[in-house]
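This report concerns only the one structure given below.
The values are calculated or read from the model by the stated rules, or taken from the named source; none is laboratory data. Just so we're clear, the structure is a prediction, and the values are computed from it rather than from any experiment. Neighbour counts run over all protein chains shown; Cβ positions are idealised from the backbone, glycine included. These accessible areas exclude ligands, DNA and RNA; they are computed on the full protein's heavy atoms, side chains included. Shrake-Rupley method; radii C 1.70, N 1.55, O 1.52, S 1.80 Å.
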Amino acid sequence: MTTFTLNGEIRTVDTDPETPALWVIREQLDLTGTKFGCGMAQCGACTIHVNGRAQRACITPIASLEGASVTTIEGLKGADGSLHALQQAWIDHQVPQCGYCQSGQLMSAAALLADNPNPSEADIDTAMRGNVCRCGMYGRIRSAIKQVAGASFYDAMEGSQNG
Amino acid sequence: MGKWTRRGVLSAGVLGGTGLVIGIAVRPGNPTETAGHLVAGEGENLLHIYLKIDSENRVTAILPHSEMGQGAQTALTQMLAEEMDADWDLMRFEEAPASAEYANMALGRGYLFKGVDFPDVVVPTVDGLMLNIADAIGMQVTGGSMSIRTTGQYFLRAAGASVREMLVKTASKAWGVPESEIRAAESMLYHDRSGRSAPYSEFAAAAAEMTPSSTPKLKKTSQFTVMGQSKPRHDVPSKVDGTAMFAMDVKRPGMVYAAVKRTPVAGGTLRRVDDSAARAMKGVIDVVKVGPSSAAGLVGSYSAGDTIAVVADSYWRAEKALAALKLEWNTEGKERVSSESIFEQFDRDITAGIDRANDVAMGDATATFDSAATVLTADYRVPYLAHTCMEPPNATAEVSADRAEIWVGCQNPLGFRQHLAASLGLDVEQVTLHNYFMGGGFGRKSNADYALQAAMIARQVGRPVQMVYSRAEDIKQDFYRPAVQSRFKAGLDADGKLVAWQNTYVDKHEPVEAPLIPYAVAAQDIGHVASPTHVPFGAWRSVDHSQHGFFTESFVDEAAHAAGRDPYEFRAEMLKDKPRLLAVLNRVAKEADWGRPMEEGRGRGISLQESFGSIVGQVVEVTVSGGKTWVDRVVAVIDAGYAVSPDGIKAQIESGIIYGLSAAMYGEITIEDGAVAQSSFADYDAIRMHDSPVIETHIINSGAEMGGAGEPGTPGVAPALANAIFDATGKRVRTLPVIKADLRNDAEASPAVAALGA
Ligand code: FES
Ligand code: FES
């Protein structure tokens, strides 16, 4: 039995203690926003927050969450249902393509900004390098993070169009 | 632009395998009669196969393309809304059901009758014909960068315009006023003289009784107010809060989970399995075998060997038990095949040139080479590539004796449905397919093998089953961009002009024009030889362009340097009679500030590639230090004729560039002992945040026929990269990926260059 707080609610699960949190969250707790991309901590699709820090759910044994406070993408919104600033920035910059990596990207970015509200380029690289986006939206992700961090940035949506 | 000819029809007949010729006029009539029950719900009127209107005056576009990230659904909806004069805020869209009524006529027409200009009178006939062909071969495909330029251009715009005409006609009757006095705007009809107005929904039911015209009057570009705008994508909000549904997010009552392993050597069979340890593990329900499968057809043809599956009450337990199986596989005599042996075979076959087939034979190449002042030769090679969609292949299935239901994300729902039915021994009507967002497709999800595996497992265990590939299985059981070798020879005359071009390569697929060059070279001899391997082929973003773009645009660069010329000017001079291509080339050079001096250790390279009806120019800037390459900046220009959604096109170009760059920098699937050696992002990596370049995209709206956007960004990045590396180091990368090339060079002795890499 493992008891932990998930998006503000206390949950208790009964399963093999080494089961990765990813599968418990998806299969037993029916929160499917956290994605499976590799199962080996190589892609970041499964990123969640454990006590405020970004962690890969695919290699997090469920037993290790005993007493922890866990947030998934479903819990990133404010208590009143308002979007997290990063979620809004993701919409403003039209970041998602297929969208499959984006829960993980957002959770990594949110943990970064919570820890470091004014990240440098190198800070962003370090915090985000564990998150693969096969649709290649890195430029937009970077712009969206910088928008929230209040930094100036190159806007991919600008560019130009003419006849 | 070709004319409507008998030959066009005959080739369609041959391709479709149906033997249909014109003269059998198959008219589609009013398709709403047959499709209505499939898509129209309570309070909704289906006015056209592609659109319905509800009592709240909301218009829903019904789109025969899947969403794998390319955002085409929003752009297609824009095209329909534009011609319909609909209020954008009242527009919705949904994906068409996997049903023959939504077979992709437009794709067929764009694909099979490329360049044929149909007179209006035969359009209904051709559509009927295409419907039959599409039906026969199961075309409801998303691929070939086709959605906008075929479905959108030929069908959705016409659908919107014809429905607008029907609504005006209906209102004119009801109000007793001439059609010419009725104005349509923002989903409303107005008769200004009498001050009357009504929403579209008021006349929807009556208009639904009419048969839509196939040849309504379409707007001119100058009249567009919805097309040409960067409308926010409808699917984006659901993709930032975890609510977007992918196939793997489906849960059925009583559902169990399957982990699978298919024969490591493609086409192999399972010799022996000892499952005693696995069966004893907690939660394990069954261990089942799935036999080989194959599909034939114009798209999505494949063949695959035996699979073993462990079914358990959780995916984790299924995976663990799968690892506990003791398996012996037959290697079908392929156990000695390796990447080395494959490239040795290519080399032999190119040298032997047996049954070499020409793509182009122009001028007298032999004589021109004999008289050329300079002749250069080079062999280029690219490895196999996997797709590694972010979402590994998965499917959920429920199968009984007389019906099957499947939840999947796929690029060809109708084709999948037909393949499932045929393989399960059911009628197509007995198979229901629910298509979901794909977490990437890139061509991988046009092959139905993974859906069939799930269905076969579900049938054996008699319960709903969700089958999910591990990442290792995804990489090892792909259908690969082939390994290819190309042997080039170029001749320059005394003035440094490129006068002769020869290319012999292995392995020809689609598009047939991929190996051609756009440049004015008088003598050309381009051909291919067969050199088959057992490694399965699959469409990979931009298909044959992905290798030939690298080959030809690198070798042209070599010719420019051999001639002592600037690579941009060298190309431009050979494009004097191709103004559209030249405009793209000039523009990308200008935007990249071509010619601006660069520090030592840095370099820039250019490329130009026409594919899927669009032209893309790219300039890549790199830093090379310590033998390592950083891609700093990519400038891209695309002429897709007309940009329906400019930001959507930019996003696709960014995406295509990163996809191509991942492959160029790191991508390599190798074969060892007949099997794929890679198994994870650790040995098959992708570009990530820290090594992704700044990408600047510029759009030219030339007004030419619309081209695609999903694939054309991919082919040009590898050659521009290799050309930039040459500029920086004097070293020519002729074999990908770049990471394997030895790029240490003299410039690195300079402390300034060494500092770049620090
Ligand atoms: S699924 Fe956890 S990092 Fe890839
Ligand atoms: S949006 Fe598709 S993988 Fe990132």
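Observations, loosely collected:
- Partner lysines for residue B:497 [C-alpha distance under 25 Å; skip if fewer than 8 residues away on the same chain]: B:489, B:576, B:578, B:590, B:731
- Where both bridge residues fall in the protein assembly as shown, DSSP classifies roughly 75% of the beta bridges as antiparallel.
- The angle between the Cα long axis of helix A:138-149 and the main principal axis of chain A comes to about 90°, on a 0 to 90 degree scale.
- Per-residue Karplus couplings for the stretch B:228-238, computed as 6.51 cos²θ - 1.76 cosθ + 1.60 with θ equal to phi - 60°, are listed in order as x, 9, 7, 6, x, 6, 5, 8, 5, x, 6 Hz, Gly and Pro entered as x.
- Every Cα-Cα pair in the stretch B:333-373 was counted, and those over 16 Å apart are 62% of them.
- Translational diffusion of the stretch B:524-564, µm² s⁻¹ [Kirkwood Rh, Cα pairs; Stokes-Einstein; 37 °C; 0.692 mPa s]: 258 µm²/s
- Placed amide H near residue B:695: partners under 5 Å, 5+ positions off or other chain: B:634
- Volume of the Cα convex hull of the stretch B:498-558, divided per residue and given in Å³: 87 Å³
- Simple Cβ-charge dipole of the stretch B:445-531, Lys/Arg +1 and Asp/Glu -1, about Cα centre, in debye nearest 20: 420 debye
- Spin-label pair residue A:116-residue B:362: with each label point 7 Å from Cα along the Cα-Cβ axis, the two points sit 5.4 nm from one another.
- Estimated 222 nm signal from helices in chain B, with DSSP H stretches of n ≥ 4 weighted -39500 (n - 2.57), rounded to 500: -9000 deg cm²/dmol
- In this structure, the amide hydrogen of residue A:44, modeled 1.01 Å from its nitrogen in the peptide plane, lies closer than 5 angstrom to those of A:132, counting only residues at least 5 positions away or on a different chain.
- Amide H contacts of residue B:93: B:61, each under 5 Å away and 5 or more positions distant or on a separate chain (H built 1.01 Å from N in the peptide plane; Pro and chain starts excluded).
- Size descriptor, Kirkwood hydrodynamic radius, that averages inverse alpha-carbon separations across the stretch B:450-566, Å: 17.4 Å
- Square roots of five times the Cα gyration tensor eigenvalues for the stretch A:2-75, Å: 16, 13, 11
- Largest to smallest accessible area among B:251, B:497, B:261 [probe 1.4 Å]: B:497, B:251, B:261
- Accessible area per residue for chain B is 35 Å², calculated with a 1.4 Å probe on protein heavy atoms, without ligands, DNA or RNA.
- Pairs beyond 32 Å (Cα-Cα), from B:334/B:740; A:146/B:231; B:251/B:334: B:251/B:334
- Solvent-free Debye scattering, log10 I(q)/I(0), computed from the Cα coordinates of chain B at q = 0.08, 0.09, 0.10 Å⁻¹: -0.71, -0.89, -1.08
- Table column - 3J(HN,Hα) (Hz), the stretch A:71-79, Karplus curve with 6.51, -1.76, 1.60, x for Gly and Pro: 10, 10, 4, 5, x, 6, 5, x, 4
- Against chain A, whose longest principal axis comes from its Cα atoms, helix A:102-115 is set at around 90 degrees.
- Among the residues of B:319-325, the average count of other protein chain beta-carbon atoms within 10 Å of the residue beta-carbon is 1.
- Here the Kirkwood formula puts the hydrodynamic radius of the protein assembly as shown at 29.0 Å, using every distinct Cα pair.
- At q = 0.15, 0.18 Å⁻¹, base-10 log of I(q)/I(0) for the stretch B:312-380 (Debye sum, equal scatterers on each alpha carbon): -0.81, -0.97
- Protection proxy ranking, peptides A:129-135, B:266-272, average beta carbon neighbours within 10 Å, highest first: A:129-135, B:266-272
- Label-point gap, in nm, between residue B:510 and residue B:194 - each point 7 angstrom along Cα→Cβ: 5.2 nm
- FRET efficiency, residue B:573 to residue A:40 (Cβ-Cβ, R0 60 Å, nearest 0.05): 0.70
- Spacing of the two label points (7 Å from each Cα toward its C-beta) at residue B:402 and residue B:422, in nm: 2.5 nm
- Counted over all Cα-Cα pairs of the stretch A:1-135, pairs farther apart than 21 Å make up 38 percent.
- Take every Cα pair under 8 Å whose residues are at least 6 apart in sequence, average their separation, divide by the length of chain B, and the relative contact order is 13 percent.
- Accessible surface of the protein assembly as shown, 1.4 Å probe, proportion on carbon and sulfur as whole %: 50 percent
- For chain B, the dipole from Cβ point charges (+1 on Lys and Arg, -1 on Asp and Glu) about the Cα centre works out to 520 debye, to the nearest 20.
- Antiparallel content of DSSP bridges confined to chain B, in %, to 5: 75 percent
- Of B:250, B:607, B:229, farthest towards positive along the dipole that unit charges on Lys, Arg, Asp, Glu beta carbons give the protein assembly as shown: B:250
- Förster-model FRET efficiency, 45 Å R0, residue A:82 and residue B:274, C-beta, rounded to 0.05: 0.20
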